[in-house]
Amino acid sequence: MYEIEYDLTEEDLIHFNELNFLKTEAMKKKLRFAKFIVPGILAFIGIIYGLFLRNEYAGLFTVVFAIIMTVAAPYLIKWDMRRQVLKYYTDEEKANILGHYNLKIEPKFLAEQSPSGENEMPWAELLRVEYGKRYVYIYLEIATALIIPVDKITSGDLEKFAEQAGKLIDRYS
């Protein structure tokens with residue numbers, strides 16, 4: 001059968017959580033608010049300062065600050081999100097999540113050897129295989145997945161493995 005081995009790092013875990021957060025409607029609203037609404041209001045105030053109150057320096061400063069905020073807001077939000085993700089996991093949980101993984105496709109289940117031990121996940125309980133730019137995700141639940149970083153595969157053929165896993169998930173679901 002198919003088998004792959006890979007190493008999962010803290011950066012991979014953060015990336016997966018970022019991806020999930022950015023998909024939520026609350027995060028989309030927060031990004032829109034920080035990127036467009038607040039800077040738009042600041043730019044409007046800057047224009048009022050400059051044109052109507054004849055205070056060009058304050059108006060120019062406010063408009064420039066609004067432009068800087070438009071560019072910087074997504075980076076600041078992602079930085080804050082990373083900080084929160086790191087606080088969310090305890091050191092013990094990180095030790096059980098991060099490290100060397102071995103996944104093996106068996107006829108009835110997906111066998112996993114990980115830092116937390118050996119697990120057998122029946123194909124009927126897995127949801128889907130999803131492909132990203134640098135990752136392949138095998139979803140166990142809506143917001144929980146096996147994260148497989150493409151560049152950290154130490155042995156095995158990820159493309160064939162993911163294709164076969166997807167077929168088996170579809171067959172048993």
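The values are calculated or read from the model by the stated rules, or taken from the named source; none is laboratory data. All of these numbers come straight from a predicted model, not from anything done at the bench. Note: ideal-geometry Cβ built from the backbone for every residue, glycine included; neighbour counts use all protein chains shown. Areas reflect the complete protein model, heavy atoms only, side chains present, ligands, DNA and RNA absent. Shrake-Rupley method; radii C 1.70, N 1.55, O 1.52, S 1.80 Å.
A compact table of results
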{"item": "Positions within the range 19-42 being under 30 Å from Ala58 (Cβ atoms) and touching a Phe, Trp or Tyr at 6+ places or on another chain (Cβ under 9 Å), in sequence order", "result": "Pro39, Leu42"}
{"item": "In the range 40-58, the residues that are hydrophobic (A, V, I, L, M, F, W, C), more than 16 Å from Ile68 (Cβ to Cβ) and open to solvent by less than 70 Å² (accessible area, probe 1.4 Å)", "result": "Ile48"}
{"item": "Residue that is open to solvent by 40 Å² or more (accessible area, probe 1.4 Å), among the charged types (D, E, K, R) and not in a strand (DSSP E or B), where the choices are Glu130, Glu159", "result": "Glu159"}
{"item": "Selection from the range 115-139 of residues that are touching a residue at least 60 places away in the same chain (Cβ under 8 Å) and among the small types (Gly, Ala, Ser)", "result": "Gly132"}
{"item": "Filter result for Asn102 (out of contact with any strand residue (DSSP E or B) (no Cβ under 7 Å at 6 or more places or on another chain), open to solvent by 20 Å² or more (accessible area, probe 1.4 Å) and more than 30 Å from Lys30 (Cα to Cα))", "result": "no"}
{"item": "Subset of the range 69-92 (residues that are among the acidic types (Asp, Glu) and open to solvent by less than 80 Å² (accessible area, probe 1.4 Å))", "result": "Asp80"}
{"item": "Selected residue (criterion: farthest from Glu163 (Cα to Cα)) from residues of the range 58-106 that are in contact with a Ser or Thr (Cβ under 9 Å, 6 or more places away or on another chain) and in a helix (DSSP H, G or I)", "result": "Ala95"}
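For every residue, the table says whether it meets (1) in a loop (DSSP other than H, G, I, E, B); (2) touching a Phe, Trp or Tyr at 6+ places or on another chain (Cβ under 9 Å); (3) open to solvent by less than 20 Å² (accessible area, probe 1.4 Å); (4) over 21 Å from Phe16 (Cβ atoms).
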position	(1), (2), (3), (4)
Gln113	no, yes, no, no
Ile138	no, no, yes, no
Glu141	yes, no, no, no
Ile147	no, yes, yes, no
Ala165	no, yes, yes, no
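Here is a yes/no grid of residues against (1) over 24 Å from Trp79 (Cα atoms); (2) β-branched (Val, Ile, Thr); (3) more than 15 Å from the chain's Cα centre (by Cα); (4) not in a loop (DSSP other than H, G, I, E, B):
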residue	(1), (2), (3), (4)
Glu11	no, no, no, yes
His15	no, no, no, yes
Glu18	no, no, no, yes
Lys28	no, no, no, yes
Lys35	no, no, yes, yes
Val38	no, yes, yes, yes
Leu42	no, no, yes, yes
Tyr49	yes, no, yes, yes
